[in-house]
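What follows is one structure encoded as structure tokens, with my remarks underneath.
Quick note: the coordinates plus some simple rules give every number you see, no bench work behind them. None of these values were measured; they are calculated from a predicted model. Here the Cβ positions follow ideal geometry from the backbone for every residue, glycine too, while neighbour counts run over all protein chains shown.
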Amino acid sequence: MGNAATLTVPDPAAMQELGRTLATVLRPGDLVLLSGELGAGKTTLTRGLGEGLGVRGAVTSPTFVIARVHPSLVGGPALVHVDAYRLGGGLDQMEDLDLDVSLPDSVIVVEWGEGKVEGLSESRLEVRIERALGGEEGLSLEQDLDPDVPDVRTVTLDGIGPRWADVDLGALAAARA
Ligand SMILES: Nc1ncnc2c1ncn2[C@@H]1O[C@H](COP(=O)(O)OP(=O)(O)O)[C@@H](O)[C@H]1O
Ligand SMILES: [Mg+2]
């Protein structure tokens with residue numbers, strides 16, 4: 001049985017709020033894979049996850065490091081924020097990173113993770129972020145540059161494996177819709 005939900009996220013604040021909402025169901029050892037093109041909103045979502053988890057340090061784009069560890073300020077799991085785009089070798093390299101943190105005790109969030117880090121965990125939450133274009137032709141350049149035209153994202157949540165079997169992603173998405 002698949003466990004999936006799709007929702008519309010109208011703006012960056014809502015994307016961050018979705019992260020805070022998702023954080024409420026995250027537990028130590030969870031793996032979250034974020035996919036979507038550059039500028040889709042993966043880091044914005046991760047910022048909300050960090051807020052929801054109550055971790056230390058600003059979540060920023062991990063472009064110049066492969067992974068950043070944000071320890072918990074509230075006795076919960078640390079957030080390990082990985083940019084797998086730079087993780088050419090996949091899982092082996094992830095274990096080689098020598099992060100000063102126990103991965104099973106952390107929440108691991110990977111940007112661009114598809115096809116590289118699935119082996120870290122038998123279960124994972126896949127979050128796919130797509131830019132919802134206005135109509136068949138997409139936004140016109142004028143609309144694209146107009147700050148009053150909303151830049152909506154479509155987010156698909158897909159819980160894979162036993163960890164996610166009993167999590168009601170549909171209810172989570174509905175709470176946000
Ligand atoms: N609906 C939306 N959801 C998320 N980000 C949005 C949205 N609309 C506009 N944005 C903007 O898109 C950019 C997303 O950047 P970022 O989160 O760094 O993307 P990524 O990490 O996927 O490359 C930000 O500048 C953000 O303000
Ligand atoms: Mg990013």
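Could you compute the FRET efficiency for Ala132 and Asp166, with r as their C-beta to C-beta distance and R0 at 35 Å, rounded to 0.05?
The computed FRET efficiency comes out at 0.75.
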Query raised in the report: Which FRET efficiency value, to the nearest 0.05, do you get for Leu73 and Val25 by plugging their Cβ-Cβ distance into 1/(1 + (r/R0)^6) with R0 = 25 Å?
Result: 0.80
Requested in this report: Check each of the GluC sites (Glu not before Pro) in region 17-52 and keep only those in coil by DSSP with at most 15 other C-beta atoms within 10 angstrom; list them in order.
Outcome: Glu37
Report summary line: With 0.36 nm assigned to each residue of separation and the Cα-Cα distance removed, Leu97 to Asp11 gains 27.6 nm
Query - Ala175-Leu145 FRET efficiency (beta carbon distance; Förster radius 35 Å; 0.05 resolution) - result: 0.60
